[in-house]
Amino acid sequence: MAVQVVLVHGIRTSATMWRSQVEYLRERGNPVVAVDLPGHGSRMAEEYSLDGALATIDEAVTDAATRGPVLLVGHSMGGLVSIEYAGSRDRPPVAGLVAASCTAIPRGVGLAAYRLLARGFDSLPDRGLWLTRQMLYRTLPPETVEDFGAGGYAFDTQDLALRSLSVLDLMSALHRIDVPLWFVNGQYDQLRVNEKLFVRVARHAELIVLPRTSHLVSAMRPQAFNAVLNLAITTLALRQARELRET
């Protein structure tokens with residue numbers, strides 16, 4: 001059975017941020033679903049909640065697991081929530097996890113500063129849209145530059161989603177994860193602040209740092225990120241083949 005892939009987007013964006021990965025995975029022959037979390041993308045009218053985000057991931061993973069081993073991939077906020085989900089006390093049907101741009105504990109001064117910055121952008125006449133677009137066009141390659149905002153920007157959801165992250169028990173979740181785990185960070189990503197701690201606590205983790213890359217690793221260097229997905233999928237496929245031989 002082919003490895004199934006579930007992709008979970010970051011804050012403000014939507015499933016469209018994964019267009020390059022969806023195309024790559026389909027060409028590779030791996031079924032893939034990119035979800036929209038509540039309050040984002042096609043679900044912009046819904047109110048965001050952490051429970052709703054976890055339920056969205058669970059629905060996609062549980063469905064995919066009926067067809068093969070599941071690789072869960074999350075970016076930024078989506079990565080943090082995916083860690084919480086994969087490390088649930090009731091072990092979910094996740095065979096492997098790629099957690100990108102999310103090795104920071106979302107609490108205290110760091111989270112408060114991030115929320116303050118987001119509110120500052122939100123107070124601008126266009127809610128910071130012009131600055132966001134300028135940043136994207138200056139840092140992303142032409143083939144992915146439109147993907148981040150193609151599903152719309154979840155401005156109204158942003159602060160609520162950020163606040164909800166403070167209740168995550170990431171250290172406990174990481175300790176419980178007993179499947180292959182890859183942390184993927186950009187060299188210049190501001191969320192690398194607790195990188196060493198995350199790797200130390202997680203029992204089956206590998207850290208991959210993409211050089212000359214900032215927070216939007218999957219869009220800034222799509223080919224390199226896709227190579228990480230290939231590594232993860234190949235690892236899970238080999239594990240599956242070994243388990244089948246042993247039964």
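Numerical summary
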quantity: Simple label model, 7 Å out from Cα along Cβ direction - Arg200 to Asp51, nm; calculated: 3.6 nm
quantity: Accessible area of the stretch 192-237 belonging to carbon and sulfur atoms, whole % at 1.4 Å probe; calculated: 55 percent
quantity: Where Met77, Met44 fall by accessible area, highest first, once all protein chains stay in place (1.4 Å); calculated: Met44, Met77
quantity: Solvent-accessible heavy-atom area per residue, rounded to whole Å², over the chain at 1.4 Å; calculated: 46 Å²
quantity: Asp169 accessible area, assembled protein chains, probe 1.4 Å, Å²; calculated: 70 Å²
quantity: By average C-beta atoms within 10 angstrom, highest first, the peptides 214-223, 233-242; calculated: 214-223, 233-242
quantity: Percent accessible area from carbon and sulfur atoms, the stretch 31-182, protein chains only, probe 1.4 Å; calculated: 56 percent
quantity: Surface accessible to a 1.4 Å probe, Glu27 within the full protein complex, Å²; calculated: 140 Å²
quantity: HN-Hα J in Hz across the stretch 166-174 - Karplus 6.51, -1.76, 1.60, θ = phi - 60°, x for Gly and Pro; calculated: 5, 8, 5, 9, 5, 5, 5, 5, 4
quantity: Relative contact order (percent, whole number), the chain, Cα cutoff 8 Å, 6+ residue spacing; calculated: 24 percent
quantity: Charge dipole magnitude, Cβ of K and R +1, D and E -1 - the stretch 44-193, Cα centre, debye nearest 20; calculated: 540 debye
quantity: Residues whose placed amide H lies under 5 Å from that of Glu206, excluding near-sequence neighbours; calculated: Leu181, Trp182, Phe183
quantity: GNM flexibility winner over the chain from Leu37, Leu129, Leu97 (Cα, springs under 10 Å); calculated: Leu129
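The values are calculated or read from the model by the stated rules, or taken from the named source; none is laboratory data. All figures in this text were calculated on a predicted structure; none of them were measured in a lab. Neighbour counts run over all protein chains shown; Cβ positions are idealised from the backbone, glycine included. All accessible areas refer to the heavy atoms of the entire protein, side chains included, with ligands and DNA or RNA removed. Shrake-Rupley method; radii C 1.70, N 1.55, O 1.52, S 1.80 Å.
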